[in-house]
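The structure appears right after this line, and notes come after that.
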Amino acid sequence: MPRRCSFKLELDFPQPLAGVDEAGCAPLAGPVVAAACILDREKFPRGIDDSKNLPIEKREAIYGRLVKCSAWGVGIATVEEIDQINIYWARMLAMTRAVEALGLEPAWVLVDGNATPRWQRPSKAIVDGDAKCRSIAAASIIAKVTRDRMMAEYAVEYPGYGWEHNRGYPTPDHRRAINDLGLTPLHRRSFGLVRAIQERQAQPELVFEEIESFESHTPEIESVEVVETQHLVEQPRSAA
């Protein structure tokens, strides 16, 4: 059976302890959003789990309770920053900003993944932490809901790309829209698929002029004067 989120992994660390996670590393468009969350272990919403495992209605409901009973902060790395420093370092930047947005310095930070940002604060990376650690799972919910709402707002500004439901991920409908409508300022040019589409659209289009009608005609042939010549054939003479 899959391991459920709990405080078990957190008991060895001093409080206040912050869990950190991000949302939006894989999409072709939009920012990457990270969240940091410090839970009150005596008072927290039930049902906290990895945001990817929660139906949208439940995720939204838990988010609504989390922001009322926990200390939390959100950090964002923009599309421009993603293209400038790459998605890995943009993710680290967003997580750093999320912890800084808490308004208090945690005694320890647990980060989802296999690496922590280059900061001086005590911290530990936990692979699949959003499925094991309740504080990281809480952060994943806040990050996911925050980014989903941002993409829904962007969808109003840039209609036709389906961001209100695909959130900028490379779904078939999103890829078709890019080909049909072109790129927006929110598309990540540093991503291979986006860059390939941009380069293809930048190539000059060959224009072929349609010929409406073709008149059939017989080509003129210069007349050739035939000169008749007479050939004389000398018969061999018989021997005398």
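Protection proxy ranking for 21-29, 45-53, 33-41, using the average of other Cβ atoms within 10 Å per residue and placing the highest first: 33-41, 21-29, 45-53. In region 42-99, inverting the average of 1/r over every pair of distinct C-alpha atoms gives 13.2 Å as the Kirkwood radius. Between residue 124 and residue 43, the distance separating the two model label sites (each 7 Å from Cα on the Cα→Cβ line) works out to 2.8 nm.
With the whole protein complex present, residue 7 retains an accessible surface near 30 Å², based on a 1.4 Å probe. Computed over region 134-177, the range of Cα coordinates on each principal axis works out to 38, 20, 8 Å, biggest value leading.
Per residue, the convex hull spanned by the alpha carbons of region 1-104 comes to 131 Å³. Think of a 1.4 Å ball rolled over the protein heavy atoms: region 122-202 then has 46 Å² of accessible area per residue.
Partners of residue 68 within straight-line reach, counting lysines whose Cα lies under 24 Å from its Cα and excluding those fewer than 8 residues away in the same chain: 8, 43, 52, 58, 132, 144.
A Förster distance of 22 Å, applied to the separation of the beta-carbon atoms of residue 11 and residue 60, puts the FRET efficiency at 0.15.
Quick note on region 114-157: its Rg to Rh ratio, both from C-alpha atoms and Rh being the Kirkwood radius, is 1.14.
The values are calculated or read from the model by the stated rules, or taken from the named source; none is laboratory data. Keep in mind the model is a prediction, meaning the values are calculated, not measured. Cβ coordinates were reconstructed from backbone atoms using ideal geometry, including for glycine residues, and neighbour counts include every protein chain displayed. Quick note on the areas: whole protein, heavy atoms, side chains included, nothing else; ligands and nucleic acids left out. Shrake-Rupley method; radii C 1.70, N 1.55, O 1.52, S 1.80 Å.
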